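Single-structure report; data block below.
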Amino acid sequence: MVRSMTGFGRAKETVGDLTVTVEFKAVNHRYFEFSSRIPRVYGFLDEKLSNLCKQRVTRGKIEASVLIEDNSQSSAVVEINSSLAEAYIGELKKTAKKYGLKNDVKVSSLIGLPDMFKVRQQQLSDETVTEAVLKVAELALDAFVAMREKEGEKLFADVSSRADYILKKVEFVENRSPETVKEYREKIEQKIKELLGDIKVDEQRLLTETAVFADKVAVAEETVRLRSHISQLLGLMETPEAVGRKLDFIVQEMNREANTIGSKAQDIDIAHTVVDIKSEIEKIREQIQNIE
């Protein structure tokens, strides 16, 4: 079954000490294009996520978003700024001695002093982060693909209904076309009688004129090909592979056959029917632009 190129998928899971949120969203694009919004420190994940998407997606402009929260108690390391502490203590001792004050410098005296502590975030290994993110990314990708498949079902239903409508119109053209030849013969015969009166009509000449007209307006080949294209279209849409580009080519061929039928049409009813057919083909063309 076909899949839409648009979609969204999100997953949030806690893996070990990490809480990871991954989102995938996509819009239409002729080829596969991937981009990501990831904290700079985890930039190494971009290629890994792109490769993960390529395993299940062939077309679309995809954007991945990753949020990583470190919940480990040891993730933050606090250190005393020793050189600054020594400088503060030295100055406090000098001040106490200079003014004859009691030297009662305590650790608690240093806590509130500016820049006394340095907080350093402990970095997790690339392997740990990668394993956690890819695990959550798989879940987000499952939701993403599921949404594309659901949208694909709607596209298939819409295209199928339009294809059925076209086939009914093609049937009308096939039934109407021989009638136009018959009507042409009768019209020519009537005009000849009006002009020649009681003079006998040259039957052979009438047959020749009718045959020329019939050949000129014959659309059997075009309607057969149009039916074949529609069959191919629906058949491809039921395959599991990406078929968007193939569908686009088939619709072009459908439009070509419809144009040929229209150019041959010498009948107002057929001409109007061809307009209806081309209108539906255009709507199908617009829909398959959304198909992977």
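Only residues that are in contact with a Lys or Arg (Cβ under 9 Å, 6 or more places away or on another chain) and either of a type in the set (D, E, K, R) or not assigned by TED's automatic domain parsing to the domain that holds Leu247 (or both): list them for segment 260-286, please.
Lys264, Asp267, Asp269, Asp276, Glu280, Lys283
For the structure I just gave you, tell me whether Glu253 is at pLDDT 90 or above and charged (D, E, K, R).
Yes, satisfied.
State whether the residues of segment 151-168 include one that is within 30 Å of Leu236 (Cα to Cα), assigned by TED's automatic domain parsing to the domain that holds Glu280, part of a helix (DSSP H, G or I) and more than 29 Å from the chain's Cα centre (by Cα).
Yes: one or more hits.
Mind checking which residues of segment 248-276 are in contact with a His (Cβ under 6 Å, 6 or more places away or on another chain) and of a type outside the set (Asp, Glu)?
Passing the criteria: Ile250, Met254.
Could we say that Glu86 is surrounded by 15 or more Cβ atoms within 10 Å (Cβ to Cβ) and acidic (Asp, Glu) here?
Here the answer is no, as Glu86 does not meet what is asked.
From the list Phe24, Phe34, exactly one residue is part of a strand (DSSP E or B), without any contact (Cβ under 8 Å) to a residue 40 or more places away in the chain and surrounded by 15 or more Cβ atoms within 10 Å (Cβ to Cβ). Which is it?
Phe34
With the structure loaded, tell me whether Val224 is modelled with pLDDT of 95 or more and β-branched (Val, Ile, Thr) or whether it fails that test.
Here the answer is no, as Val224 does not meet what is asked.
Listed residues Lys182, Lys168, Lys187, Lys193; which is modelled with pLDDT under 65 and either in contact with a Pro (Cβ under 9 Å, 6 or more places away or on another chain) or surrounded by fewer than 14 Cβ atoms within 10 Å (Cβ to Cβ) (or both)?
Lys193
Out of curiosity, is Ser50 of a type in the set (Gly, Ala, Ser), at negative phi, in a helix (DSSP H, G or I) and exposed (fewer than 15 other Cβ atoms within 10 Å of the Cβ)?
Spelling it out, it is not the case that Ser50 is of a type in the set (Gly, Ala, Ser), at negative phi, in a helix (DSSP H, G or I) and exposed (fewer than 15 other Cβ atoms within 10 Å of the Cβ).
When you scan segment 53-66, how many residues do you find that are touching a residue at least 24 places away in the same chain (Cβ under 8 Å), outside any strand (DSSP E or B) and in contact with a strand residue (DSSP E or B) (Cβ under 8 Å, 6 or more places away or on another chain)?
Residues flagged as touching a residue at least 24 places away in the same chain (Cβ under 8 Å), outside any strand (DSSP E or B) and in contact with a strand residue (DSSP E or B) (Cβ under 8 Å, 6 or more places away or on another chain) within segment 53-66 amount to 4.
The values are calculated or read from the model by the stated rules, or taken from the named source; none is laboratory data. All values reported here derive from a predicted model rather than from experimental measurement. Here the Cβ is made from the backbone with ideal geometry for all residues, glycine too, and neighbour counts use every protein chain on show.
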